[in-house]
1. For the chain, set up a Gaussian network in which alpha carbons nearer than 10 Å are linked by springs, and say which option among 87, 42, 101 fluctuates the most.
2. Take residue 98, project a point 7 Å from its Cα along the Cβ direction, then tell me which residues of region 60-91 have their backbone nitrogen under 17 Å from it.
3. Please arrange 106, 12 by accessible surface area, largest first, computed with a 1.4 Å probe and ligands excluded.
4. Counting pairs of Cα atoms in region 79-187, how many percent are more than 15 Å apart?
5. If you put +1 on each Lys and Arg Cβ and -1 on each Asp and Glu Cβ, how big is the dipole of region 2-149 around its Cα centre, in Debye rounded to 20?
6. For residue 19 and residue 123, calculate 0.36 nm times their separation in residues minus their Cα-Cα distance, and state this gained length in nm to one decimal.
7. How much mean residue ellipticity at 222 nm does the chain get from its helices, if each DSSP H run of length 4 or more adds -39500 (n - 2.57) and you divide by all residues, to the nearest 500 deg cm²/dmol?
8. May I ask for the distance between the Cα centers of region 19-87 and region 135-150, given as a whole number of Å?
Amino acid sequence: MSVESITPAWMHQQITAAEYDSWSEEQCAGIEVVDGMVVVSPSASKRHNRLARILANALDAAGGPDWNADTDFDVRLQDVPLTNRRPDVVVYRADTIDIAPTRPEHVLLVVEVVSPGSETTDRIVKVDQYAKAGIAFYWRVEQAATGIPLIYTYVLDPATGTYRTGEMHTGVVKVSAPFATEIDLEV
């Protein structure tokens with residue numbers, strides 16, 4: 001029995017933005033779309049989800065009334081071919097909460113928590129995609145063997161359209177950009 005015979009047809013052909021937009025929330029959960037192809041993401045660990053929630057809560061509080069920070073929704077990086085990413089944390093303009101899909105111009109910061117199996121995508125592929133989309137800040141969270149995560153921060157260089165490496169943090173994160181916040185990552 002082949003993989004094609006036990007998986008839905010839409011997993012083997014490019015889909016359009018219109019097709020994707022017609023799907024239910026349940027169909028869109030746990031997937032990303034890259035160059036029109038569906039990419040299934042495995043369920044995250046409890047530690048991964050906790051880190052994302054701690055970061056989202058702290059960033060939401062620090063963003064004030066103008067910025068929201070949430071988890072688990074699509075950011076539409078491009079329509080053709082369709083590319084939707086589902087960052088672990090997204091800081092976006094509060095006045096766009098009811099606009100779908102969320103577009104890069106709505107987003108200030110994306111955070112990816114690296115898990116086994118997502119290393120290359122989070123460290124290389126997504127960095128390039130988010131930069132090309134014009135998202136000003138990217139944070140990558142590495143789950144270190146010590147149990148205390150490391151955060152690598154990146155800032156978009158508008159002249160080159162690429163990210164400049166910012167600071168690396170562990171334990172308590174203190175940043176001034178995109179806004180001042182202090183986050184204790186010892187979970």
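1. Per the Cα network of the chain with a 10 Å cutoff, 42 tops the list.
2. Flagged as within label range: 68.
3. Ranking 106, 12 by accessible area, largest first, yields 12, 106.
4. 65 percent
5. 520 debye
6. Working it through step by step, the gained length comes to 34.5 nm.
7. Only helices count here, giving -5500 deg cm²/dmol.
8. The distance from the Cα centre of region 19-87 to that of region 135-150 comes to 17 Å.
The values are calculated or read from the model by the stated rules, or taken from the named source; none is laboratory data. As the structure is a computational prediction, the values presented were derived from the model and not from experiment. With ideal geometry, Cβ positions are generated from the backbone for all residues, glycine too; neighbour counts draw on all protein chains shown. Note: accessible area is taken over every heavy atom of the protein model, side chains too, but ligands, DNA and RNA are not part of it. Shrake-Rupley method; radii C 1.70, N 1.55, O 1.52, S 1.80 Å.
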